[in-house]
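Read-outs throughout are calculated quantities, based only on the coordinates presented, and are distinct from any laboratory measurement. None of these values were measured; they are calculated from a predicted model. Using ideal geometry, Cβ is built from the backbone for each residue, glycine included, and neighbour counts are taken over all protein chains shown.
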Amino acid sequence: MHLTHHARMRFIVQIAVLWAASLQTAWAMPEFARRYSLSCAACHSAFPRLNKFGEQFVANNMRLPNWKDGTVKTGDDLLALPAYPPLAVRAQAYVQARDGKSIDPVTGATDSATTDFQSPYLIKLLSSAPLSDNITYYFYAILAEKGANGEALVEDAWFRHGDIFGSGISMQLGQFQLSDLMFPRETRLPFQDFMAYRMAGITYDRGVLFDRDIGPFEFGLGLSNGNGITDNLNINSPGYRRPDKMFDNDNSKTVFGRIGTEIGPVSLGLFGASGKQRSIALGNAGLDSGTRNTNKHVVGLDLSGDFGGKTYWYAQYLWNRWDGFLDANPGRDYRWQGGFAGVDYLPDERWAFSLLYNYADAGDLANTDTIYEGIDMNSLSLTASYYFMRNVKAIAEVNVDFLKKTPQTGTYWTGHLTKENYVLFGFDAAF
Amino acid sequence: MRRSETGRRLTVSALLFGVLAVQHGAAADLTLRKLRIESEPPGAEVLLIGGKAGHTPLTVGERAIYPNDYPDKLAHLYGTVTLRRAGCETLVHRVTLDDIERGLKLKLDCAVADARGTPAPQAPAAETTISQAARTPPAIPGEALSQRRLRQLQVLQELLDEGLISAPDEQRIRRRLLDTPF
């Protein structure tokens, strides 16, 4: 998704060429395929991985120039309603066998099941459309994530203006992942996640992002609440039954940004984030938040490239410093690091093979007798994806955990108490 | 779970997956989406973003139209089919889902080139689109602008009648033509 100014200009030329394409009814967002009468293959090398054109489409505010052709002809120039509800669905269902147990960190009470039908694993309802010459919206809600029936979770949900005050600066306001500035998790091929992003707490947050290309560089700078998407405060101080809520729980905002460029065939970027997070109270295995706001810093380096559109590679390194994070030792700064690297090989239109290596080292958080000892990972995931259709695939994945089990020490059951090998088989579809 | 159990499950899953994939793969080549390209007259050279693909009638894979990677300087050819034939106007067509489902049957305009006594261009000249061809047919010396506009509209109507462009395309191009000042 990293585009230089020149690349973006080239894309404008390119989509101008596609302007004349007729319109009917493409993506892990198949709605775009329908709207622009394009094959899924136009934007995806292998769903959901984007190809070059797909990345350029996203960078162009998720639209082609003829987007208005898909709107209701009301005769009102100030109204551009999509001609039909712009919806798409993504569904996943798996069967899994795995090492790993549910262990209560405080009591050590253990439950386990070595096999599981995770069907459905996830059902997503996605929607996106251009609403004006510069504004696009996008959101998706997950129904039954990881099989949790009765729950709906909104993850991405944002408005994006492609050209604020004619400055060439784009602004995205809403809920999104800070890590999307590097490698969007939703477009990865493996089932296994980019774990360092989750551990560093730079996935979903609410905020605003400004970005612009200048010469060969792309700049992104944003502010976010810095506490995820679940914490909130009820506004009750004015009196009884005031309905509003605050989503941040302190006055500090997280500042984050990325500078990217291309050097030959390699795209690289430098990411940084700095903000506050609640400390962790003493005891109870680190499960409880403390009362102090502590500083948190993340620095990342990302590299990626491809060979002829058949082999894609990517690598991410994250360095973290959580100042005074644990109330047990508030004067100490806790440093840890992690990252991942992967390769996707697409030999033909039916098959995709992926390798994903995840690594994390708890660093100063090791031996703290808290759940944060669990920032410890050394695993390799091997994935084979078989495409029945452009938008329907079967997945087989094996995750091999290279870490040794650690015995329980200290007061609590924390650390790498079990292996996390797994084997998984299932289906993934978008329509 | 003991390591041996994990291994067994792994093996069984891999085998199941392999069998499923191989069974489906037997029909894979038949079901992968392809684009059939025909022209009138036949024998036109087909150019895709990746270069020369052959001569009509020709069937190409969808990925040849939408390659995952391409040189930036060829970006304008993404998703297009270019036909060129000696004595005919070079024609560039944007591929839609309908085209892939139904196949492309394009009629080359050979009369214009013949009348002008000029051979078809041999250079890529891929910027010429159907809409552009209608908008800017070759100028005839001494022809008034109004006459030329009329001729452009006639060409557009012919393209529609021949089924080479869809009605919405025709309307859009017509609107653009009429909105363009003389």
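For peptide A:182-192, the mean count of partner chain Cβ atoms within 10 Å of a residue's Cβ comes to 0. Of the trypsin sites (Lys or Arg not before Pro) in the range A:228-335, the ones in a loop by DSSP (not H, G, I, E or B) with at most 11 other beta carbons within 10 Å are A:R241. Working from Cα pairs under 8 Å separated by at least six residues, relative contact order for the range A:244-379 is 17 percent. Counting alpha carbon pairs within less than 8 Å and at least 6 residues apart, what relative contact order, in whole percent, applies to the range A:189-294? With pairs under 8 Å counted, the relative contact order is 19 percent. Peptide A:347-357 has a mean of 2 when you count, residue by residue, the C-beta atoms of other protein chains within 10 Å of its C-beta.
From the cross-link list A:K146/A:K310; A:K124/A:K146; A:K146/A:K245; A:K146/A:K404; A:K101/A:K393; A:K124/A:K393, which pairs have alpha carbons spaced over 21 Å apart? Flagged as over cut-off: A:K146/A:K310; A:K146/A:K245; A:K146/A:K404; A:K101/A:K393. Note on A:298-311: average number of Cβ atoms from other chains within 10 Å of each residue's Cβ is 1. Using a cut-off of 13 Å between beta-carbons, work out the net charge of the residues near A:N236 (Lys and Arg +1, Asp and Glu -1, A:N236 not included). Computed value for this residue: +2.
Residues whose amide H lies under 5 Å from that of B:G54, counting only those 5 or more places away or on a different chain, are B:V46; hydrogens are built 1.01 Å from N in the peptide plane.
For the range A:400-428, the residues whose backbone nitrogen is under 16 Å from a point 7 Å from the Cα of A:T114, taken along Cα to Cβ, are A:418-424.
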